[in-house]
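Below you'll find the structure, written out as structure tokens, and then a few comments.
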Amino acid sequence: MGNVIAKLWEFLAEMLLILPAVMVLMGLFSVWVPKETVVKYLGKTAGIKGIFLAIIFGALPTGPLYIAFPMAGALVRKGARVSNVIIFLSAWACIKIPQEMVELQFLGAKFMTARLILTVIFVIIMGLLIERIVGCGAGNPIKLTGGENNANI
Amino acid sequence: MRILPAVITIAIFISLLQSFVSHAQISKIIGEHSGLGGILFAATMGAILHIPTIISFPLAASFLKGGASVTAVAAFVTTLTMVGVVTLPLEIKELGKKIALLRNAASFIIAVIIALIMGKIL
């Protein structure tokens with residue numbers, strides 16, 4: 001039992017050192033990057049620039065992935081490419097600077113860098129593939145029914 | 001500070017895991033020789049569990065230390081962030097069944113591919 005408590009203390013001390021820095025970064029991002037900006041720019045852009053913006057705008061805000069679903073829905077309804085919305089969601093899920101910092105701390109630079117690079121590559125491929133399957137390109141926006149969030153975004 | 005209870009829960013879980021689950025047990029289930037089954041098990045756990053990513057990294061690190069393979073840990077971390085079984089109903093409501101199901105299925109597959117590549121290069 002002493003072993004458990006020693007390990008618990010060791011781990012808590014480590015987290016208490018990292019968490020405040022993570023919280024400060026999260027706070028700054030949510031202040032500097034308003035959600036309206038994200039919706040505005042991503043919805044109008046296409047091509048390589050759109051992919052790039054999708055990654056940046058997905059990566060900057062903080063919060064759990066389910067916060068991003070209504071925004072992604074709004075983007076699709078406003079005519080954003082399905083591929084960009086998928087890339088946006090994936091970037092939101094796994095490309096976050098505070099998150100990468102914690103990954104770096106616990107799993108090491110090699111692990112973090114390899115996973116980040118592979119994720120970016122495969123997420124773009126996945127986005128384009130899903131767009132192909134769904135059959136809605138830039139000029140043929142998908143029709144979504146049951147969207148209740150047009151008004152409040 | 002909403003994250004604090006989750007941090008403490010995970011801290012307790014990791015301490016218990018490291019004290020009571022042996023290296024041999026972890027490496028048998030998700031170690032180098034657990035094969036594709038181990039990778040798929042790790043990926044499935046990542047898809048089902050709903051824990052904040054930031055506190056999942058120390059958990060992943062303790063799996064690695066405990067004898068899990070890089071491939072299994074990479075699969076776990078990647079599906080944990082990208083695939084959400086718990087949040088799927090919400091995703092379907094916002095994006096429609098087709099996109100939501102495709103995104104989760106494709107994310108699961110690319111997570112396994114990313115993990116396999118990482119196991120090869122690291």
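Any idea which of B:LEU40, B:PHE20, B:LEU59 is furthest toward the positive side of the dipole for chain B, if Lys and Arg beta-carbons carry +1 and Asp and Glu beta-carbons -1? After comparing all options, I get B:LEU40. In percent, rounded to a whole number, the relative contact order of segment B:30-121 is 35, using alpha-carbon pairs under 8 Å and six or more apart. 3J(HN,Hα) along segment A:52-61: 4, 5, 4, 5, 4, 6, x, 7, 6, x Hz, from the Karplus curve 6.51 cos²θ - 1.76 cosθ + 1.60 with θ = phi - 60°, whole Hz, x for Gly and Pro.
Taking amide H as placed 1.01 Å from N in the peptide plane, B:GLY31 has its amide H under 5 Å from the amide H of B:SER69, each at least 5 places away in sequence or on another chain. Here segment B:30-121 is treated with +1 on each Lys and Arg Cβ and -1 on each Asp and Glu Cβ, and its dipole about the Cα centre works out to around 160 debye. Placing a pseudo-label 7 Å from each Cα along the Cα-to-Cβ vector at A:LEU12 and A:LYS49 gives an inter-label distance of 5.2 nm. What is the helix-to-structure angle for B:70-82, meaning the angle in degrees between its Cα long axis and the longest Cα principal axis of chain B, kept from 0 to 90 and rounded to the nearest 10? It works out to around 30 degrees.
With contributions of -39500 (n - 2.57) from each DSSP H run of at least four residues, the per-residue ellipticity at 222 nm computed over chain B stands at -26000 deg cm²/dmol. The C-alpha atoms of chain B define a longest principal axis, and helix B:53-65 lies at about 30 degrees to it. Backbone phi angles across segment B:98-113, fed through the Karplus curve with coefficients 6.51, -1.76 and 1.60 (θ = phi - 60°), yield HN-Hα couplings of 4, 5, 4, 5, 4, 5, 5, 5, 5, 5, 4, 5, 5, 4, 5, 5 Hz in residue order; Gly and Pro are listed as x.
What the Cβ-Cβ distance of A:VAL4 and B:PHE41 gives, at R0 = 25 Å and to the nearest 0.05, is a FRET efficiency of 0.45.
Relative to the longest principal axis of the Cα atoms of chain B, the long axis of helix B:4-20 makes an angle of roughly 40 degrees. Summing both sides, the accessible surface hidden between A and B at a 1.4 Å probe radius is close to 4100 Å². Here segment B:73-118 is described by how far its Cα atoms reach on the three principal axes: 34, 16, 9 Å, from widest to narrowest.
The values are calculated or read from the model by the stated rules, or taken from the named source; none is laboratory data. Owing to the predicted nature of the structure, the values given are computational and were not obtained by experimental measurement. Cβ coordinates were reconstructed from backbone atoms using ideal geometry, including for glycine residues, and neighbour counts include every protein chain displayed. The accessibility values were calculated without ligands, DNA or RNA, using every heavy atom of the protein model including side chains. Shrake-Rupley method; radii C 1.70, N 1.55, O 1.52, S 1.80 Å.
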